[in-house]
Amino acid sequence: MRQIVLDTETTGLDPQDGHRIIEIGAVELMDRRLSERRFHQYLNPERDIEEGALEVHGISREFLQDKPVFADIAQEFLDFIAGAELLIHNAAFDLGFLNMELGLINSPVRIENHTRVLDTLELARDLHPGQRNSLDALCKRYEVDNSSRNLHGALLDSEILADVYLAMTGGQSDLALTLEVVTGQESGGDALEIKERPALRVLLPSDEETGLHEARLQAIRKKSGHCLWLEL
């Protein structure tokens, strides 16, 4: 399974106000393992950057003056994400900007029609209702190192999100024993050595999460008349 974890940085919050993408970063997961393939591009937005946005990502218009415009890299970007599932945190924001940029170059492509999209923010909200589910909050919850994230950056954030997504969805998918070919045995032939994978990290619920879970079960019992989980 091929997945692309993607993030963008922009000149402001709303493409309808004429704001543009200034950075695209994406990393590839193959069968839930990070590959060597990356897509990273700074873009010249041909407009000013709002002060609030600059405080978030620190990318100045002066730095972007000699960078390509979106039209120059659009096809390379579409080729990179083709056939993959896109993983985006707060997908509506990034999709709005990407589709706006494609519209400005008269492309018929809309990202959600070009590839599947999974919003990791919605996934986190389903897993952790009533809690903060920003990328920083998820890093803290799943003990993902984000110490280098002093400012937002599309490539760095996509790499961090890849780690968070794997943690949220159970780590590596293959839990079987690893078979490794070992050479140079005394018998003169190759042999298979079975190595166990490290034990998965166990995440225990907090008191707040336990309370929310109990409240949900009680609500189910009240509405339906019984709750099998509570009865067990």
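Please arrange K140, K67, K223 by how many other C-beta atoms lie within 10 Å of their C-beta, fewest to most.
Details: K140 12, K67 16, K223 8.
Starting with the residue having the fewest Cβ neighbours, the order is K223, K140, K67.
Could you line up T11, T169 from fewest to most neighbouring Cβ atoms inside 10 Å? Could you put the intermediate results ahead of the total?
Numbers: T11 25, T169 14.
Going from sparsest to densest Cβ surroundings: T169, T11.
Cut-off 14 Å, label point 7 angstrom out along Cα-to-Cβ of E46: give me the residues of segment 88-131 whose amide nitrogen falls inside.
Under cut-off, by backbone N: 101-107.
Below 16 Å, Cα to Cα, which aspartates and glutamates can K140 reach? Residues fewer than 8 away in the same chain don't count.
D157, E159, D163, E208, E209
For L29, L127, L156, what's the fewest-to-most ordering of other Cβ within 10 Å of each Cβ?
Working: L29 20, L127 14, L156 17.
Listed from fewest to most nearby Cβ atoms, that is L127, L156, L29.
Every read-out reported here was derived from the displayed coordinates using simple, explicitly stated rules and does not represent laboratory data. Being a predicted model, the structure only gives us computed values, none of them experimental. A quick note on method: Cβ atoms are made from the backbone with ideal geometry, for glycine too, and the neighbour counts reach across all protein chains shown.
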